[in-house]
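One structure below.
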Amino acid sequence: MQSKAKYRKDYKTPDFTVTDIFLDFQLDPNHTVVTAISKFQRLNHESTTLRLDGHSFQFASIKFNGEDFTAYKQDGEGLTLDLSAQSADQFELEIVTNLVPATNTTLQGLYQSGEGICTQCEAEGFRQITYFLDRPDVLARYSVRITADKSRYPFLLSNGNRIASGELDNDYHWVEWQDPFPKPSYLFALVAGDFDLLKDSFTTKSGRQVALELYVDRGNLDRADWAMHSLKKSMKWDEERFGLEYDLDIYMIVAVDFFNMGAMENKGLNVFNSKFVLANPQTATDDDYLSIESVIGHEYFHNWTGNRVTCRDWFQLSLKEGLTVFRDQEFSSDSGSRAVNRINNVKLLRTAQFAEDASPMAHPIRPEKVMEMNNFYTMTVYEKGAEVIRMMHTLLGEKGFQAGMKLYIAENDGKAATCENFVSAMERASGVDLTQFRRWYSQSGTPELSISDSYDEKMHRYQLMVSQMTPPTADQMDKANLHIPLKIALYDQNGMPQMLVNNGEVVNDVLNVTQREQLFEFHDIKTRPVPALLCDFSAPVKLDYDYTTEQLITLLKYAKNEFVRWDAMQMLFSQELRRNLNLYQEEQPFEFSQEILTALAYVLAHYQQNIELTTLILTLPKETEFAETFKIIDPEGIFVVRDFMQRHIAASLKEQLLDVYNQIRLTEYRINTQDIALRGLRNVCLQYLAFTETGNMLVNKHYLYANNMTDSLSALNAAVKAQLMCRDNLLRDFEEKWHQDGLVMDKWFALQATRPDPNVLDIVQQLMTHPSFNFNNPNRLRALVGSFINQNPRAFHTIDGSGYRFLTDVLLKLNDSNPQVAARLIEPLIRFGRYDGQRQTLMKRALERLNEIENLSKDLFEKIEKALNS
Ligand code: B3K
Ligand code: ZN
């Protein structure tokens, strides 16, 4: 299907809208009948044709004001109604469609998940349910009536309030729902099934009682508490920090096993990937607990930023996603350690988002051109989008920002808004000029800041010369100067921060970089300072400043700012890797700087001052993190050098690592910041110790004594990565214990897929026939195939091309069953520009093979076309 691209500049307000819709579902997995009765309103009085979106169903009939209607044309993507004979501006359409949820493997529209039935409508899935004005600027009031077999589907859910229900013959029953808030079709949801239900309630700050209902598969009630706890915490936090209160009397969350992404914020009825709901100490790791809290928060926060104020068109997606990611990041930072959260978000941005900017899919956070909207739920729209919001927060301060939020919501509540509406509210509420700042919305690519400095000993004057440049991207050649907030600090040789003074006046630590080249001057600086640049990653840019090892070690040891300390270590690791990669390519022996080892030993010795930070500093960047610092990536070389670094650190610091490992003793498993931090540090020590002589014994014991998934998995990971003797036994034990639990087995599949063994691809292929594997379940697929292609770069990029052929075979199959997941998995293949000629040729050949198939989905087509034309 070669459908056309849409452009942001072509936006037109709709000629018609729908004010009310009544949906009747006669639910059955093999034959569902949907009757949609909508009240239409003509907005453009000249218009005589009504175009409705719709596809992938059996269309039965259409009535206009109760009469059979035949003046329409049907095509693969919709229905065009000829209304030239109809003069009324208000009319009713009744449309009947037939669906087969059981065979809908796309997991969009209405589909079967396990024994239940559910929907996923964002972005354009509602058109797989009925013909409709399936665009976010058409807001209607929904009433929904669901009829189904009662024993199979005792729970029938939809958005809003449950207003009526009844029993029918043959053990059928029905329920009617009404959502008082007008909403776009992408927020519609329906769920039917048999569940265990966890009930609770929340009293809002104005004293309203909200019923909270969490639906999980039968038998999973013991894994539901954390999600419920997180929901209540989110509701409270949004009231306290943003002054935003929940609006309906009920909030429901349903966990399903078959889901294309993380979760969906449907009004009053969130549908979640069970991965982001279910947790108990035996099945979930500390990281799982934290991501559940963050995703539950994210979807809840959408109720205001997304649902009450929605997007005018899909080009504005970052309006709700960037802002809501910013809000969930703040939620996590207020709950745990701000620095740790910041570091983890920056890691993600620097690897995944920077890589996207450097790929054929580069786009601004507000894209200009889209073929398949599902392809734009990206790192750029979400994560860079959140960085853009964060920069506004930095420029305006919390007070100015909250004033902007208040104004934005007051002006746009109940409406479909644009990114411009948001920026304009921020600007008017704070008085800060954001004219140049707006370019972040239209310019793609990762800006580069080159900084040099000079110090005048006599004058006690320090200067920073800052220049900015954004290299061209696949989508956009010419780049303009951006408004970049650059946060800095100046340390003296003893690590004391210096006051920033210019001509006797204290200046802000956030410098406004707005020109191609700019000079910043500081006075009364007594000795040559060590600059900490881009503190807290104050802008999503790459920094180029020629740090010496000594300067970085000073920052690592003494900087007040935790982020700066971590970032200094990242740069030290990078320098070390780069140096050794050159040696590797020249076939020279490796070297490891003694100064860096001493610095690491210093950090480890002071771990009690900041346990979490110690863990993060000690953690060697992943291969993919290192890879992103190169224009042309050598996957084999990076693996070999990183492996050397890991073994060298382990061997040099083994006594100290073992000491810390032994000092940390936790008996009971508790999920709180302190214990998570201690487990984290103990486990990072274990990962290194696995590479020493006592590794096998320690890891084996760690696994045996583990009373929680964090520790079990950490041992298993160490055994696999260090290829220990105990590995096969442990893997087998884990499999025997958990083979019936898909979510837990995902951890095992992911570990198998990231084995350093030379025959890992054979193992992965074997595992695709494992009884716990299911090709149609995106979680399983992401765990096994996704981990192999994204987290095992050396194996995926094997020079014989076997990794590429394997992925192509998977994509050929997925193209038919689930194009959305296929388009996610194709990403590493379209990024061939980052590899040597031989790999490039093989990767392109794989893409050409895909390009030749007849029914290529537009999800894959859009990406392949961009890649091959780049
Ligand atoms: N809004 C959904 C994502 C929908 C993705 C559609 N392909 C979840 C979220 O961002 O909260
Ligand atoms: Zn979201």
Anchor LYS813: lysines whose Cα lies under 16 Å away (excluding residues fewer than 8 positions away in-chain)
LYS858
At 0.36 nm per residue, minus the direct Cα-Cα distance, what do GLN594 and ASP196 gain on full extension? Give it in nm, one decimal, please.
137.5 nm
Proximal aspartates and glutamates to LYS721, defined as alpha-carbon separation beneath 12 angstrom and excluding residues fewer than eight positions away on the same chain:
ASP643, ASP757
Roughly speaking, what is the centre-to-centre gap between segment 774-825 and segment 50-76 when only Cα atoms are used, to the nearest Å?
38
Length-normalised contact order of segment 433-585 in % [C-alpha pairs under 8 Å, at least 6 apart]
25
In terms of the charge dipole of the chain, which places +1 on Lys and Arg and -1 on Asp and Glu at the beta carbon, the residue among ILE409, SER337, LEU597 farthest towards the positive end is LEU597
How big is segment 188-328 in terms of Cα radius of gyration and Dmax, in angstroms?
14.5, 44
Of LYS63/LYS267; LYS320/LYS863; LYS232/LYS384; LYS369/LYS479; LYS150/LYS232, those spanning more than 19 Å from alpha-carbon to alpha-carbon
LYS63/LYS267; LYS320/LYS863; LYS232/LYS384; LYS150/LYS232
Just for the Cα atoms in segment 355-499, what are the lengths along the principal axes, largest first, rounded to whole Å?
60, 38, 25
If segment 527-641 were replaced by its equivalent ellipsoid, with semi-axes equal to the square roots of 5 times the Cα gyration tensor eigenvalues, what would those be, largest first, whole Å?
24, 17, 14
Segment 138-239, relative contact order in percent, only Cα pairs under 8 angstrom and at least six apart counted:
24
Let me know the Kirkwood hydrodynamic radius for segment 477-531, please, with Cα pairs as the basis and the value in Å to one decimal.
12.7
Whose amide H sits under 5 Å from the amide H of ALA417, counting only residues 5 or more places off or on another chain, with H placed in the peptide plane?
THR310, CYS311, ARG312
Rg/Rh for segment 1-149: what does it come to with C-alpha atoms and Rh from Kirkwood?
0.96
Could you give the angle, 0 to 90 degrees to the nearest 10, between helix 338-348's Cα long axis and the longest principal axis of the Cα atoms of the chain?
80
About its Cα centre, the chain carries a charge dipole, from +1 on Lys and Arg Cβ atoms and -1 on Asp and Glu Cβ atoms, whose size in debye to the nearest 20 is 980
Any chance you could give the angle, 0 to 90 degrees and rounded to 10, that helix 594-605 forms with the longest Cα principal axis of the chain?
70
Against the longest alpha carbon principal axis of the chain, how many degrees, from 0 to 90 and to the nearest 10, is the axis of helix 673-689 turned?
60
Once you keep just the Cα pairs under 8 angstrom separated by 6 or more residues, what percentage relative contact order results for the chain?
8
With the dipole of the chain defined by +1 on each Lys or Arg Cβ and -1 on each Asp or Glu Cβ, the option from TYR661, GLN765, ASN374 whose Cα lies farthest towards the positive pole is TYR661
Would you compute, for the Cα atoms of segment 717-870, the largest minus smallest coordinate along each principal axis and list the three values in descending order, in whole Å?
48, 32, 18
For the chain, the percent of all C-alpha pairs falling in each 10 Å bin, from 0 up to the bin holding the max distance, is 2, 12, 21, 25, 21, 12, 5, 2, 0, 0
Using a cut-off of under 19 Å, list every residue of segment 94-118 whose amide N is near the label point 7 Å from the Cα of VAL33 along the Cα-to-beta-carbon line.
94-102, 110
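Where a number appears in this text, it was derived from the coordinates with a stated rule and is not lab data. These numbers were taken from a predicted model, which means no experiment stands behind them. Cβ coordinates were reconstructed from backbone atoms using ideal geometry, including for glycine residues, and neighbour counts include every protein chain displayed.
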